[in-house]
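For reference, the structure discussed in these notes is given below.
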Amino acid sequence: MLDPFDMVLFGGVGDLALRKLIPALYRAFREGSLAQDCRILPVCRRREDADHYLETAQRALQAHLREGEYCDSIWCDFSRLLCPVALDIAVPDARWEHLADILGADPGRVRIFYLAIPPGVFGLCCENLNRKGLISEKARVVVEKPLGYNAQTSGEINSKLASYFPEDNIFRIDHYLGKETVQNLLALRFCNVLFEHLWDAKAIDHIQISISETVGLEGRAGFYDETGALRDMVQNHLLQLLCLIAMESPNTMSAKNIRAEKIKVLEALRPLAASEVDKNVVRGQYVAGEIDGQRVPGYLDELEHGASATETFVAIRAHIDSWRWAGVPFFLRTGKRMDKRCAEIVVQFKKVSHHVYDESAGKVIPNRLVIRLQPEESIKLILMAKKMDSLATKLQQAELNLNLSDTYDSFRSDAYKRLMLDAAANNPALFIHRDEVAAAWDWVDPIIEHWRDTNNQPKPYTAGSWGPTEAGELLARSGRHWFNAK
């Protein structure tokens, strides 16, 4: 169990706090990871929201916890940790004094300021924390993506944070890195000679990283139309997963060594600019279609205004110019209103060099490693084997399947829970360094600039499909195809 700490949740009545953060903290408390005298201070802009926060939080837990997780007696004990505070981030008035009084009651504690608020007010919030003397030596700040809209605005936000907190006390969160399967990926790579000797261009044909969603805008129309899929998903989630797949082994699993190897991957990404963007990037936007038997509107219908060139889908062919990965394409894909909700990494190995069986045995299909991050968490290795119900030699695909939900039936992975506890424990290994953010934007910005300069319009795709036909052509030109989740 961690030592008692104070966590101030700015944006305490926001969607992120109520759907993810409060449930994650409840789970941590339920499993005994939070001390009884920890304090969680959700910040509410309106006094009315603060006065009724316990009822709001209880309803959120009942709505968003898994079946069987909510318990009235546990909620009763957990609710004693919640100390709602009413204040307006933009106004350094007397209500900040109330927050200062609560924190000042135990000045030696670790303080975690979680900024579940728009990046545009990160600096203002930190400025007021500093003005009120709330940034102690043990204070840490956790910030959510997106950190800006390009390299310049991201740099400005990071510089503002750095003026109040040292880099070691800034925790930039990417919840995909908190998923247990992602951490298992590192163990799989660096603790098994079986894979490490095959993890390069000599054995791997290509790698696919896909994050697909079935939802549309979900009330985020204003934010999403200014952001788009490239900024919202590729610049952070997809590139972070790419780093973990492609990085060299760190000397130790320390935050410093892991970050150093990830930055090397980002710096080795082959730049995409001008005509290379047209050859290697597909952007799309969904139109009306059907998902799970229900008609759903198109993107422009959800926006409720006439036109928008914002992409809801991106597919990219990327290359890493290094000895290990020379010639191996990485295909990145993300989209909204897709056929299935899934986050998956597929490592496609090369064909065997010589076929020892004749054609009557059947086709030999190259091996494939499938690492699924959501909705369930599993690692699957697809091999060739002989059919056991036939005396004749007939080949078929067979699966070695590690389904973490089945194997660890008492364990429930929660990325936000893990990351918030890591921030409290001052473990930055799963968080993103400022240099990583800058390197990612340096690769993404030229793509955005080319789209703007050429007035590139997204390709339409039907909601409930796997994206524009052009995304399939991106792989088909080299005789490959997407492995769509089933």
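The values are calculated or read from the model by the stated rules, or taken from the named source; none is laboratory data. As the structure is a computational prediction, the values presented were derived from the model and not from experiment. Here the Cβ positions follow ideal geometry from the backbone for every residue, glycine too, while neighbour counts run over all protein chains shown. Surface accessibility is based on the protein's heavy atoms, side chains included, excluding ligands, DNA and RNA. Shrake-Rupley method; radii C 1.70, N 1.55, O 1.52, S 1.80 Å.
Residues in segment 162-183 that are in a loop (DSSP other than H, G, I, E, B) and open to solvent by less than 40 Å² (accessible area, probe 1.4 Å) were compared, and the one that is nearest to Leu381 (Cα to Cα) is Lys179. Among the residues of segment 261-270, those that are of a type outside the set (Asp, Glu) and outside any loop (DSSP other than H, G, I, E, B) comprise Lys262, Ile263, Lys264, Val265, Leu266, Ala268, Leu269. Those residues that are open to solvent by 10 Å² or more (accessible area, probe 1.4 Å), closer than 26 Å to Lys20 by Cβ and either of a type in the set (Lys, Arg) or in contact with a strand residue (DSSP E or B) (Cβ under 9 Å, 6 or more places away or on another chain) (or both), I need them from segment 106-139; list them, please. Within segment 106-139, Arg109, Val110, Arg111, Ala116, Ile117, Pro119, Val121, Ile135, Lys138 meet the criteria. For segment 140-152, residues that are open to solvent by 20 Å² or more (accessible area, probe 1.4 Å) and closer than 17 Å to Val43 by Cα total 2. Checked across segment 291-306, the condition of being out of contact with any Phe, Trp or Tyr (no Cβ under 9 Å at 6 or more places or on another chain) and of a type in the set (Ser, Thr, Tyr) holds for no residue. If you go through segment 164-182 and keep only what is free of Cβ contacts under 8 Å to residues at least 40 places away in the same chain and under 25 Å from the mean Cα position of the chain (by Cα), you end up with Phe165, Pro166, Asn169. Counting only helices (runs of 4 or more DSSP H) that fall entirely inside segment 32-103 and contain at least 1 residues that are touching a Phe, Trp or Tyr at 6+ places or on another chain (Cβ under 8 Å) and open to solvent by less than 30 Å² (accessible area, probe 1.4 Å), the qualifying elements are 53-64, 72-79.
Residues of segment 6-31 that are open to solvent by less than 10 Å² (accessible area, probe 1.4 Å) and in a loop (DSSP other than H, G, I, E, B): Gly12 alone. In segment 117-159, how many residues are touching a residue at least 60 places away in the same chain (Cβ under 8 Å), part of a helix (DSSP H, G or I) and touching a Phe, Trp or Tyr at 6+ places or on another chain (Cβ under 7 Å)? Adding up the residues that qualify gives 3. All of Leu391, Leu402, Leu430 fail the test of being crowded, with 17+ Cβ neighbours inside 10 Å and not basic (Lys, Arg), apart from Leu430. Is it true that some residue in segment 444-467 is small (Gly, Ala, Ser) and in contact with a helix residue (DSSP H, G or I) (Cβ under 6 Å, 6 or more places away or on another chain)? No.
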